[in-house]
Amino acid sequence: MNFIDRKQRDMILITDTNKKNLIISKYLNKKEMQIKKLKTESIVIKDYNEPGNQLLIKSSNLISFKEGEKVSFFKVLGRYVQLDCVVLQEKGEQNYLLKIENLHLAHKDREDYRIVPPDDAVWVTNVRTSRTNLTTAFETVPTVVKINYSDYENKLRSKFEYIKIDIFRPGMDLKFELVKKTGKILFVHDTQDIDSYLSMDVDYLNYGEELGEEFQKVMNDYKDKRVVSEVIIPVIYYSPESITASTIGYVHIQSKNEKILMDQVLETKVLTFEMIDRIRESNTIIKYNKFPVLNISYGGLRILITDKELAEHLPHQMSFSFDIVFKNIAPMSMNAHIKYLSIDSLKNLIVGVQLYGLSHKPRDKKKYAECVGVLKTKILEDK
């Protein structure tokens, strides 16, 4: 993997010759541009031949191009600018003659500019991500889930006549589908009492209302099977990199002799939370390294990942969470979407992220913006 870009930019193809010549000659000629597939590497445009629509560029000793190779370069000039070229000839001493095929310009200006912070001014630590993506749709039960379901099923077996902890599967009864869809507990204290099917508690399913015309049929089915009481508790999982929940399974309890009490439901609910915590702990990779921030803006940052396990794992993720630390400022917890990935010359992973969650504290969003603002001002003053 050299580079993976997950961003979708709204780009304009510049076809007007005069406009293209103006952009290249005024803003790109004699300037440095980044290589799109290797964002850590750059070239310098040494000369622009307008009539021939050609560029003479110079690359570093680490980069070489072949004749006929297609390559793209970019630069942020308020807007994102991209040149698509084909290599015509190697001129020696890392100089290359290129023909310009296309010039693209982002439709909108960047919402905020990236700044390169001084060393040790800001860093990332406590990086948290899932080993396995746990969702509502499993084809097979992940090992970390299977082990914990089995442990807690055994723990609860002595308390109830029937207990099963499992994932949701296709074709299950309506009651399971309702629990999965709503994330609410189904509790029928007495299957032959109409009032037991109704609930005004927001955490519990109003089963009677959901059944409608099927109400009597369900009640009779309980009677035929001699089930006097039933509980289904959803297993709701929050991954370390997500702010949304996944209902990854259920705890199913039935009794044919004694009615299940609310105290027993609450006790089982607490044990379910304990089980979820154990799953999350087993399924989470946490790295306490101090990872450098290569650049930063109000909406995102670029992080240098030097840990091998994390570097191998993150390309398979869409998001992750971490703490960001500005020097002499308390850490702030963040959630971020991965927007691009690249590998530097030392085989370290570079991750570009867009922030979508700043802790659970509203003041952290303001605090983060203030820290970036202070850093930006200091850098401008030092220039």
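Any read-out appearing in this document is the output of simple, stated calculations on the displayed coordinates, not a laboratory observation. Just so it is clear, the model here is predicted, and its values are computed rather than measured. Note that each Cβ is placed from the backbone with ideal geometry, even for glycine, and that neighbours are counted across all protein chains shown.
Things to note:
- Exposure proxy order (Cβ contacts within 10 Å, fewest to most) of 11, 262: 262, 11
- Identified option (computed Rg and Dmax of the Cα atoms in Å; candidates [x] 20.8, 62; [y] 23.0, 77; [z] 29.0, 92): [z]
- The stretch 17-62-the stretch 214-232 distance, computed between alpha-carbon centres (Å): 74 Å
- Taking label points 7 Å from Cα along the Cα-to-Cβ direction, residue 263 and residue 281 give a separation of 2.8 nm.
- Rounded to 10°, Cα long-axis angle of helix 143-157 versus longest principal axis of the chain: 20 degrees
- Relative contact order (%) - criterion: Cα under 8 Å, at least six apart; region: the stretch 3-106: 26 percent
- Around the Cα centre of the chain, unit charges on the Cβ atoms of Lys, Arg, Asp and Glu (plus for the first two, minus for the last two) sum to a dipole of about 1700 debye.
- Counting only DSSP H runs of at least 4 residues, each contributing -39500 (n - 2.57), and dividing by the residue count of the chain, the helix-based mean residue ellipticity at 222 nm comes to -7500 deg cm²/dmol.
- Annotated for the stretch 170-320: lysine pairs at least 8 residues apart or interchain, Cα distance under 15 Å, count 10.
- Relative to the dominant Cα principal axis of the chain, helix 362-382 is inclined by about 10°.
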